[in-house]
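To start, the structure itself, in structure tokens.
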């Protein structure tokens, strides 16, 4: 990966679906493969990693064969090793309808990402492009659009 590789924050929902996905043609699985192959620079924070852990360890997934605690730790370590991890100290209030999404936006700004990749049609995708003085504009796009736009998949 070059120093000028595209930098993107991937929302936790897509990360989980990519890890658990079984269909190689699914967009989430293609995105996960692109992360592992380092076709773009994943930007992540401890907040996002904790969200991934919480979903993977949730009771709902346990009923359908969730990964063990050891496997979850391996997944999180692999994500951490393949990503640029930001401290997550930056705070924003750009998604008032769903404050849990603010740390996703903050991670993108703090990590100098060009994209937020999400399937959140209610709160994140409508943002379009996030512009905050002193930071690079961040485009909020679907996984499909990101893979197609950047020819990453």
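Just one of the listed residues (43, 52, 27) is more than 19 Å from residue 105 (Cβ to Cβ), surrounded by 13 or more Cβ atoms within 10 Å (Cβ to Cβ), modelled with pLDDT of 90 or more and in contact with a helix residue (DSSP H, G or I) (Cβ under 8 Å, 6 or more places away or on another chain), and it is 27. Kindly establish whether residue 9 is touching a helix residue (DSSP H, G or I) at 6+ places or on another chain (Cβ under 9 Å), closer than 25 Å to residue 57 by Cβ and part of a strand (DSSP E or B). Here the answer is yes, as residue 9 does meet what is asked.
When region 44-87 is filtered for residues that are touching a residue at least 60 places away in the same chain (Cβ under 8 Å) and farther than 13 Å from residue 12 by Cβ, only 84 remains.
Would it be correct to say that residue 88 is surrounded by fewer than 21 Cβ atoms within 10 Å (Cβ to Cβ) and touching a helix residue (DSSP H, G or I) at 6+ places or on another chain (Cβ under 8 Å)? Considered against the rule, which asks whether it is surrounded by fewer than 21 Cβ atoms within 10 Å (Cβ to Cβ) and touching a helix residue (DSSP H, G or I) at 6+ places or on another chain (Cβ under 8 Å), residue 88 comes out as yes. For residue 130, the conditions (1) in contact with a helix residue (DSSP H, G or I) (Cβ under 7 Å, 6 or more places away or on another chain); (2) without any contact (Cβ under 8 Å) to a residue 40 or more places away in the chain; (3) over 17 Å from residue 6 (Cβ atoms) all hold with the exception of (3).
Considering only region 97-115, I want to know if a residue exists there that is in a loop (DSSP other than H, G, I, E, B), surrounded by 15 or more Cβ atoms within 10 Å (Cβ to Cβ), in contact with a helix residue (DSSP H, G or I) (Cβ under 6 Å, 6 or more places away or on another chain) and touching a residue at least 24 places away in the same chain (Cβ under 8 Å). No, region 97-115 has no match at all. Among the residues of region 117-153, those that are part of a strand (DSSP E or B) and surrounded by 15 or more Cβ atoms within 10 Å (Cβ to Cβ) comprise 117, 130, 138, 139, 140, 141.
The values are calculated or read from the model by the stated rules, or taken from the named source; none is laboratory data. Keep in mind the model is a prediction, meaning the values are calculated, not measured. Cβ coordinates were reconstructed from backbone atoms using ideal geometry, including for glycine residues, and neighbour counts include every protein chain displayed.
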